Amino acid sequence: MKVHEVVSQIIRPLRAMDTAREALAAMAESGMSALPVVDQTTRRFIGVVTRASAEQHHVSGGSVLTIREEKSIVTDPDQHVFDAVRLMEKHNLTILPVLDSDRSYVGVVDRRELNDRIITLMNFTEYGSLITIHFEERDFTLSQPVRIIEAEGGLILGLSVESPKARHPFYVVSIKLNLTDPGRIVASLKRHDYIVDQHSSDDEEDRRYEQRADELMHYLNI
């Protein structure tokens, strides 16, 4: 999936003539904490204004041109969506402006909308169940677990990988299965000495899927 497929169609950019006060009003209306600034005539991208910056200057009525971030992190429409994920996580962004080859404004990637698209992309909302497998770094390979899952009649609908961290030095693989009861698969994996967690398929688990999508923003490793 490419970035142009997830560009938000509902976030309206600020105009070069807007003031900090108008920027705050636009952010309040859209629920955003930052907005791009675009020349309405040429579609030239000018920068990004954050809520913090607008709040500092709204009393004086400063222009968005004087408070924008000139060196904004941007991407292009043909980048893979996972590259956008990594950029947004690395720089702690809520929006990522998208510019074409002429540096003209195309739109923005909204982190909230991107979460929803990743949930769909990874099939986290499909009917089924979720298991997680923990691997030590030296033992990390998916070939055998996949064979075990398929041998027990399971089908993998989605998969994500969390890389080892200092506090948890394991790879954690989240696997969405087509089965509502993965008990046989979990038992078989445990017989092969895998550390496996099984999660239920209920409303609480639906919320966990959303949490998993947010975790992908941190740990996605496709």
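The values are calculated or read from the model by the stated rules, or taken from the named source; none is laboratory data. Given the structure is predicted, the values throughout are model-derived calculations rather than measurements. Note: ideal-geometry Cβ built from the backbone for every residue, glycine included; neighbour counts use all protein chains shown.
Some observations on this one:
- Residues that are in the same structural domain as Val7 (by TED's automatic domain parsing), assigned to a helix (DSSP H, G or I) and touching a strand residue (DSSP E or B) at 6+ places or on another chain (Cβ under 8 Å) do not occur anywhere in region 28-48.
- Against the conditions (1) touching a strand residue (DSSP E or B) at 6+ places or on another chain (Cβ under 7 Å); (2) not in a strand (DSSP E or B), Glu55 satisfies every one except (1).
- For first residues located in region 146-165 and closer than 18 Å to Gln198 by Cβ, partners that are hydrophobic (A, V, I, L, M, F, W, C) and modelled with pLDDT under 90 and lie 6+ apart or on another chain with Cβ distances below 6 Å form the pairs Gly154/Leu177; Gly154/Leu179; Ile156/Ile175; Gly158/Met122; Gly158/Phe124; Leu159/Ile175; Ser160/Leu216; Glu162/Val172.
- Among the residues of region 158-200, those identified as assigned to a loop (DSSP other than H, G, I, E, B) and either surrounded by 18 or more Cβ atoms within 10 Å (Cβ to Cβ) or of a type in the set (Gly, Ala, Ser) (or both) are Ser163, Ala166, Leu179, Pro182, Tyr194, Ser200.
- Residues located in region 60-95, provided they are of a type in the set (Gly, Ala, Ser) and in contact with a Phe, Trp or Tyr (Cβ under 9 Å, 6 or more places away or on another chain): Ser72
- Restricting attention to region 27-60 and to residues that are within 16 Å of Arg15 (Cβ to Cβ) and of a type in the set (D, E, K, R), the residue that is surrounded by the fewest Cβ atoms within 10 Å (Cβ to Cβ) turns out to be Glu29.
- Yes/no for Ser63 being within 20 Å of Leu96 (Cα to Cα), among the polar types (S, T, N, Q), out of contact with any Lys or Arg (no Cβ under 6 Å at 6 or more places or on another chain) and surrounded by 15 or more Cβ atoms within 10 Å (Cβ to Cβ): no
- Looking only at region 104-143, and only at residues there that are buried (at least 16 other Cβ atoms within 10 Å of the Cβ), part of a strand (DSSP E or B) and polar (S, T, N, Q), the one that is modelled with the highest pLDDT: Thr132
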